[in-house]
Amino acid sequence: MIKLLIDCPKQQILEIDETGGYNGVYDVIWDERIDGALPQINLGGVVRVGGALTFEQSRKDQSDAAIAAEAEENARIDDLETAVKTDTIINQLKAMTNVEYSDWFDNNITTSAQAIQLLKRLTRVIIRRV
């Protein structure tokens, strides 16, 4: 497998087949087919200067910030999924037939505020597919 060092918000090493290609939107810093074996590096702070890889703290700081932002977003999504999965009304609605849902809606949704609240809950289910 050929290694590519990719410069994206969080640097990464991709492995591709000998005949494979890379069609990503991020820059390739190092391609073993062209540059030789990838040297030992500290991912996140690597920059290319001429034909050599060097460490740059400002690049490492950018990478660390991207990793932290991704972790924060993943935690937020996990919290939303948990909230939706444990929502009693949503779980009851998911188990209903169309007729049962229609009856439930007619009996329980009588104001605009109730309809909006239900719409918000259903939207979370559709967006997050949970």
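The values are calculated or read from the model by the stated rules, or taken from the named source; none is laboratory data. In this text, all values refer to a predicted model and were calculated from it rather than measured experimentally. Counting neighbours? That spans all protein chains shown, and the Cβs are built from the backbone with ideal geometry, glycine included.
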* Only one of (1) in the same structural domain as residue 6 (by TED's automatic domain parsing); (2) at pLDDT below 90; (3) surrounded by 11 or more Cβ atoms within 10 Å (Cβ to Cβ); (4) not hydroxyl-bearing (Ser, Thr, Tyr) fails for residue 27. Which number is that? -> (3)
* Structure fact -> The one condition residue 99 fails out of (1) in a helix (DSSP H, G or I); (2) of a type in the set (Val, Ile, Thr); (3) free of Cβ contacts under 8 Å to residues at least 24 places away in the same chain; (4) under 30 Å from residue 11 (Cβ atoms) is (4)
* To do: Please enumerate the residues belonging to the stretch 9-24 that are assigned to a loop (DSSP other than H, G, I, E, B), at pLDDT 85 or above and exposed (fewer than 13 other Cβ atoms within 10 Å of the Cβ).
  => 17
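Out of the residues in the stretch 109-119 that are at pLDDT 85 or above and part of a helix (DSSP H, G or I), which is nearest to residue 94 (Cα to Cα)? Give the steps one after another, and end with the answer.
Of the residues in the stretch 109-119, the ones at pLDDT 85 or above are 109-117, 119.
Remaining after also requiring part of a helix (DSSP H, G or I): 112-117, 119.
Numbers: 112: 22, 113: 21, 114: 18, 115: 17, 116: 18, 117: 16, 119: 14 Å.
Only one residue tops the list, namely 119.
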* Structure fact -> Of those in the stretch 62-86 that are under 16 Å from residue 8 (Cα atoms) and surrounded by 12 or more Cβ atoms within 10 Å (Cβ to Cβ), the residue farthest from the chain's Cα centre (by Cα) is 62
* **Index of the failed condition, residue 69 passing every other in (1) closer than 29 Å to residue 127 by Cβ; (2) modelled with pLDDT under 85** => (2)
* Working only within the stretch 51-61, note down all residues that are surrounded by fewer than 12 Cβ atoms within 10 Å (Cβ to Cβ), outside any helix (DSSP H, G or I) and at pLDDT 90 or above. => 52
